[in-house]
Structures are given as structure tokens and as C-alpha cells.
Amino acid sequence: MSYKSLLHFITALESAGELVRIKEPVSPKLEITEIADRVVKNGGAALLFEKNGTEFPLLINAYASDRRICMALGVNALKDIGDDLEGIIKEFMGPGNHFLDKVKLLPALQKLSSWIPKVIHGRGACQEVVMDAPDLSKLPILTCWPADGGPFITLPAVHTKDPVSGIRNLGMYRMQVFGPDLTGMHWHLHKGSASHFTKYRELKRRMPVSVTLGGDPVYAYTATAPLPENIDEYILAGFLRKKKVELVKCLTNNLEIPSDVDFVIEGYIDPLDDFILEGPFGDHTGFYSLADYYPRFHVTCITHRNNAVYPATIVGIPPMEDRWIGKASERIFLTPIKMTIAQELEEIHMPPEGVFHNIVLAAIKKYYPGQALKVMNSFWGAGQMMFNKVLIIMDSGIDLTDYKSVARQISEKVNPLTDLQFNRGPVDILDHSSNQYAFGSKVGIDVTSKLPGEDSTLKIMSAPFCDEQKIKTEFPEIRNINSTLFTDGISVLFLSILKSRKHHIQNLVTTALQNGWIKDVKFIVFLDFLVDVTQISGLIWVTANNIDPVRDCTFIKQENGENYPSVIIDGTRKTMELDGFKRDWPNVIIMDEETIRLVDQKWNKLELGPLIPSPSLKFKSLISNNGATAQ
């Protein structure tokens, strides 16, 4: 189904018991973030902040549940979208060149044509009100986290066009507000709009840009969707809502935007302008992305509809609202991936701890030797999958969301000496662990059953063992050890360490292995000494963020020259002094104590039930100071 406006969606949420109206005054500076973070991490409702210091209500957590993401996309289950898409693709891929075969395609072609966006004449509802002078301060724009560089627009659909082909791109890039008519435009170098900007700069032409907020919730999802280059996102939007998107011309540039959105921010980027220092920003990795230079977006006009609602989201330590947006992409794009990239693919899953690109689980139907490696290379060469850091390939029939079963399979089937495949390539620019900006390494783990011709010399190992008392006695820098997964048949050991010298971890493990204090453990993971090693989800999140696999996954040689069948994974923070790491290392994102106290005080007035403690309290020990950069 389609929604006529964001208010229409809000009405549906409220009718379904999925929305809470917050009537207590709450500040967009930090307070809304703190409240939303507590609610989303505890499975709460969408929130509508009616009193936020502006005339516009603010909606947040609108997508943050299985039910709400399905409501936003107009389905009962996300699987329905994938099934629908698979049916359409098969219609066009079916055999037959006979005239009657082509006639049979006419209904499908007619269906496709009904989703192609259409430009209509006149003004749209989004242009009912035109600000006398554009002033972003009139919107309830969030300052999300204490070390953020300022307020950020967090749910914008950014419209650009290729200056040569005229092909539209729709993307979602955070926008730091610097003044009433000036923001940054944080598009990454790998993104479509950044490519458009490069062409405008080469042509020395001013680049028109328009930003929309609100409208049918499908629009915000579509702006995040991992579509191939040069595919119009509004065709996907039409497919999802089963109704074509009607576009209207902007008032001060030549771009078209949906007629039914809530806000339109029109403007331009001048390629001759100096870039502006943007950030830091508490990002979806759970760490701050540090300040860097990005283009200036000059606002020429702001319009909005009557009764407009400002949509926002926050990102940070998972799970956050983006978990469900990512899950939608996982379900929707499974079929296209199967049909175009890896036909053997049976299932795919991106755990929230992997913040989309860090960890991907895939199950395949395996027929021949080396097939898992083929799938790894196919994934790493495909669109946004190039950002993946850890790719785990398993046999079909495994429930990829049953993490204990997945971990047992890895423990039983993987030989660390032969089944880990390392590669190098592009990484997400938010990856703070790579030695170089936007370039790092990846690891693929082959968990499939081995066929003749593959190296299947899996050493029969005893049950994993760790003499915790001996290790703590010999190495007082080891603060805590978690070997509890051994009892579940999972060969993973976590240790927290106060690292104090070069090669500290490798030397320590060498001693432990040679003396038998650690035996037959396939994965030995080290984290910083203040990390809580009892929280497995948090350990996975921190480790995946903090490793560059080629650098941080190492082996120890035995006296006979062969490696121990154990991989040592250094998930600690890297520094210049101890690791030769030259880049700044970001801090983990948590809320400041004053905001936590203020929200605690007004909690009962929010009518959100019993007090939910701040999630930031769990992670306070992980930060080394109050800024965006770790010391």
C-alpha cells in the first residue's frame, strides 16, 4: 500500500498501538536521542515528540520493529517483497522467443510501467508553505551525541542528477547544519551523488541538490537501498508501494521531488567552494566518525506541507533503528543477489553486531570444490558488498539467525590454517581500524563441508582448554577471561588485556600455547582491559569494528615450524606507540551524564512505562575521554 503523507503513516501506527505521543517538552539537543535510544533497545514504540521547541512534531523509531518496518513497506512480512520480486524477474527470464511468449509478458510490462515515476504539473502538497527566507533553525534538527560537531539532519533523501546522462540518484547522507541556509553534505567517495559531484566539478558547473524529508515512509527506505548504479530509486519505491511516485519540479532548481513529502530543502553545491570541516558524528558503527572536509550545501528555498511532521533517526551502538532498515534490504535483495551474483546462494543474514558491512553470513548449496571461495570473491566484487569485512560461508540448511548453531558449525568444520581466506580491497570510509582511509582487508571463513580436491586435513582436536588461573597468575595484565562458550561446543576464548608493549599479545599467546595453558582453541580473541567479556553480543560488535583482518589475525609457530591451529584475533584499540597505527582512533558513542540525569528526572512525565536505564551506562568503561577521539 502507499501512504498519502507521513501523517497518514503516523495515524496507521497509532491505530495499531505502535506509537506513543510525547507531550512533555523535550529538547532536540541530546534529550530526544537519549529517550529514543532507551526505547529502541528495549523493543518500544515509535515516538512522536509534539513539543520540541518548534512548530513541527518530530517522529523517530518509526521503522524500529519487525511490525513497523512491514507497515512502512506495506506488507505483512518482508519475505513477501522478495517473493514478489522473484516472480517478476522469473517472468522476464523465462524461456521462449515465440510471439505468444512475448504476448504473455504484456501484463508484467504493464505492471512495470505503473511503477515508473511521473512528473506532474503545478505544485505539490510539499510546496503548500514556502518559507519567506530559508531557515533550518525552524526545524527540530537533532544534536544526537555529546561530541557531535553540531545538529544533523539524519533522515534526508538527497536528490541529484548526473550532469551528462540526466539519470537521477537518491541517497541518504547526513547533513550537519552550520547556519540557517548552510549545511555540509556528507556523501562518501563510493556513493552515486559523490560521482555526480565529481562530474560537475570537472565541468565547473554549479550542482543542483534537493533534499526531502517525510512523505511515504517508503521514500526514506529507498534512499538507503543498495541498488545498482543508474537505477532510479523511485522505480523501486513504485514497486514497493504498488503505485507510481508523482514528482513535481522544485521552485529554485531543475530537480524533481515527490509531491507528497513533508519538507523540501532546495539548493546547490558550488564546486569552486572550499570544503567545510564536518563532524564529528556518532555513527552507525557505534563509534564516532571523525571530522573531515565535505562539500558545502547552500539552501535556496525551504517548502513544506500543511501539518508537516519532521522525521529523524539516530544511530549508534547497535541495535538501533537502522537494524530494521538493513533487515529490509537483506530480505528484498536476496533474490537479485541469487540471480545475478551467486546462484548457489540459499540465504543471507547481516547480524546487527556487524553494523551491516562488518559481518555477513551466507548459506550456499555447494556442488564443487572451491565454491565457497568463488562466492566470497563474487560478494566482494558486488556493489556495497565490497565493504564487507568478515564473510562467513556455510552449508545450506543452517539457520543463520541461530548464532549458537552457527558458532558450533564454525568450531566443528573450520581449520583456521586452511579455511580462512584473506583479501584486500575497499572498506567503508567509516571503518576506523584500517591502516589507510577507505582501504583495508577482509577475511572469508569457509564453513562448508569439504569435497574431494579441497584441503580437508582438519586436525582432530581435543575439547578446547584454558587454564584461567595460571594465565591470570603469569600475566597480571590479563584482566578477565571468558571461556564459557567451550561448554556449548564453541571453540572461542575471549580475554581482556591491558596492552603495554609492542607484540604484547603475540608473545603472551606464544608462552601460553607452548606451556599448554591454552590448548585446542581455534579462535583466541583479545580485547581492551575495560571491555566486559561476559557480554558476547558486545564482544562481537567491538571486535568486528576494531580489526583489520590481515593485520590483526595472526598465527603462532610451533617448535617444528608449523603453526598452531589457532588464530589470534587482536580486537584491541590500535595506537602509534604500540602498533604503529598512524590514524586517529575514535571513541565509542555514549550519552553524557547530565543528559542521562535530565531524562531520568522527566521519565515519568513521558508516559513510557517504568524507567528504562540509559544503555550508555553499559558502555561507559569503553571510552577514554569525553571527546570524539580516543586518547
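Read-outs throughout are calculated quantities, based only on the coordinates presented, and are distinct from any laboratory measurement. No experiment lies behind these values; they were computed from the predicted model shown. Cβ placement follows ideal geometry from the backbone for every residue including glycine, while neighbour counts extend to all protein chains displayed.
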Counted neighbours (other Cβ, 10 Å), sorted fewest up, put His432, His503 in the order His503, His432
P(r) over all Cα-Cα pairs of the range 83-311, 10 Å bins from 0 to the longest distance, whole percent per bin, short to long, reads 8, 31, 33, 18, 8, 3, 0
Any chance you could check the Cα centroid distance between the range 500-539 and the range 11-76 for me, in angstrom? 42
At the level of C-alpha centres, the distance separating the range 120-170 and the range 194-264, in angstrom, is 11
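Which of the three applies to the range 6-67, rounded, prolate or oblate, going by the alpha-carbon gyration tensor with a ≥ b ≥ c and a/c under 1.5 meaning rounded? Before the final figure, lay out the partial values.
Working: a/c = 2.25, a/b = 1.22, b/c = 1.84.
Oblate, since a/c reaches 1.5 and b/c is not below a/b.
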Can you list the lysines whose alpha carbon sits under 27 Å from that of Lys249, skipping same-chain ones fewer than 8 residues off? Lys4, Lys111, Lys118, Lys138, Lys161, Lys191, Lys199, Lys204
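How much length is gained if the chain between Lys4 and Asn42 is pulled fully straight, taking 0.36 nm per residue apart and subtracting their Cα-Cα distance, in nm to one decimal? All intermediate terms of the calculation are to be shown ahead of the outcome.
Values: separation 38, 0.36 × 38 = 13.68 nm, distance 3.00 nm.
Here the answer is 10.7 nm.
How much length is gained if the chain between Asn435 and Glu468 is pulled fully straight, taking 0.36 nm per residue apart and subtracting their Cα-Cα distance, in nm to one decimal? Can you show the working numbers first?
Working: separation 33, 0.36 × 33 = 11.88 nm, distance 3.29 nm.
Contour length minus Cα-Cα distance gives 8.6 nm.
Considering only the other residues whose Cβ falls under 9 Å of the Cβ of Lys4, what net charge follows from Lys and Arg at +1 and Asp and Glu at -1? Present the calculation step by step, with values, prior to reporting the outcome.
Working: positive: none; negative: Asp216, Asp260.
For residues surrounding Lys4, the net value is -2.
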From the residues Leu73, Val218, Phe239, which one has its Cα farthest along the dipole of the chain in the positive direction, the dipole being from +1 and -1 charges on Cβ of Lys/Arg and Asp/Glu about the Cα centre? Phe239
If I model the range 187-256 as equal point scatterers sitting on the Cα atoms and use the Debye formula, what is log10 I(q)/I(0) at q = 0.17, 0.27 Å⁻¹? -0.77, -1.35
Loop sites in the range 401-510: trypsin sites (Lys or Arg not before Pro), DSSP, at most 15 other Cβ within 10 Å: Lys459, Arg501, Lys502
How far apart, in nm, are the 7 Å Cα→Cβ label points at Asp273 and Glu562? 6.3
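How do Ile612, Ile524 rank when sorted from fewest to most other Cβ atoms within 10 Å of their own Cβ?
So the residues, fewest neighbours to most, are Ile612, Ile524.
Please give the FRET efficiency for Arg424 paired with Gln631, using the beta carbon to beta carbon distance and R0 = 45 Å, rounded to the nearest 0.05. List each step's numbers first, then the result.
Details: r = 30 Å, r/R0 = 0.66.
Between Arg424 and Gln631 the formula returns 0.90.
Give me Asp181, Asp262, Asp488 sorted ascending by neighbouring Cβ count inside 10 Å, so fewest comes first. Write out the running numbers ahead of the final one.
Numbers: Asp181 18, Asp262 24, Asp488 12.
In increasing order of surrounding Cβ atoms, one gets Asp488, Asp181, Asp262.
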Filter Lys23/Lys51; Lys327/Lys404; Lys522/Lys557 down to the pairs with a C-alpha to C-alpha distance above 18 Å, please. Lys327/Lys404
Extension gain (nm, one decimal) between Leu530 and Asp395, 0.36 nm per residue minus Cα-Cα: 44.9 nm
Let me check I have the definition right: for the chain, take the eigenvalues of the Cα gyration tensor, multiply each by 5, take square roots. What are those semi-axes in whole Å, largest first? 42, 31, 23
Under 15 Å from the 7 Å Cα→Cβ point of Asp455, by amide nitrogen: which residues of the range 409-441? 414-423
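If you take the beta carbon distance between Asp584 and Met131 as r and set R0 to 22 Å, what does 1/(1 + (r/R0)^6) give as a FRET efficiency, to the nearest 0.05? Write down the numbers at each step before the final one.
Numbers: r = 39 Å, r/R0 = 1.75.
Using R0 = 22 Å, I get an efficiency of 0.05.
List the GluC sites (Glu not before Pro) within the range 528-619 that DSSP assigns to loop and that have no more than 13 neighbouring Cβ atoms inside 10 Å.
Values: sites: Glu559, Glu562, Glu577, Glu593, Glu594, Glu607; in loops: Glu559, Glu562, Glu607.
Those satisfying the criteria are Glu559, Glu562, Glu607.
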Measuring from centroid to centroid over Cα atoms, what is the spacing of the range 584-631 and the range 330-370 in Å? 35
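Determine the calculated [θ] at 222 nm for the chain from helices alone, applying -39500 (n - 2.57) to every DSSP H run no shorter than 4 residues and normalising by the residue count; nearest 500 deg cm²/dmol.
Values: 20 runs with 181 residues, N = 631.
Helices in the chain give a 222 nm mean residue ellipticity of -8000 deg cm²/dmol.
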Could you tell me whether the range 217-294 comes out rounded, prolate or oblate from its Cα gyration tensor? Rule is a ≥ b ≥ c as square roots of the eigenvalues, rounded for a/c under 1.5, then prolate if a/b exceeds b/c, otherwise oblate. oblate
Simple spin-label estimate for Thr340 and Lys620 in nanometres, 7 Å along Cα-Cβ: 4.8
Set of lysines near Lys582 by C-alpha distance (under 24 Å), chain-local residues within fewer than 8 positions excluded: Lys389, Lys442, Lys499, Lys502, Lys574
In the chain, what percentage of the DSSP-assigned beta bridges are antiparallel, given to the nearest 5? 70
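Give me the net charge for the shell around Ile153: Cβ to Cβ below 15 angstrom, other residues only, Lys and Arg +1, Asp and Glu -1.
On the way: positive: Lys29, Lys138, Arg174, Arg296; negative: Asp135, Asp148, Asp181, Asp262, Glu266, Glu278, Asp283.
Computed value for this residue: -3.
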What is the sum of charges around Ala438, taking Lys and Arg as +1, Asp and Glu as -1, for the other residues whose C-beta is under 14 Å from the C-beta of Ala438? +1
Within the chain, what is the longest stretch that has no chymotrypsin sites (Phe, Trp or Tyr not before Pro) placed in a DSSP loop and near at most 14 other beta-carbon atoms within 10 Å? 1-274
For the range 178-277, run through the GluC sites (Glu not before Pro) and keep only the ones in DSSP coil with at most 12 other Cβ atoms within 10 Å of their Cβ. Glu229
For the residue pair Asp402 and Lys502, what label-to-label distance in nm results when each label sits 7 Å from Cα along the Cα-to-beta-carbon direction? 4.8
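Can you give the FRET efficiency to the nearest 0.05 for Ser113 and Lys204, using r as the Cβ-Cβ distance and R₀ = 35 Å? All intermediate terms of the calculation are to be shown ahead of the outcome.
On the way: r = 38 Å, r/R0 = 1.09.
So the FRET efficiency works out to roughly 0.35.
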Projected onto the charge dipole of the range 465-579 (unit charges on the beta-carbon of Lys, Arg, Asp and Glu, signs +1, +1, -1, -1), the Cα from His503, Ser483, Ile524 with the largest positive-side position is that of His503
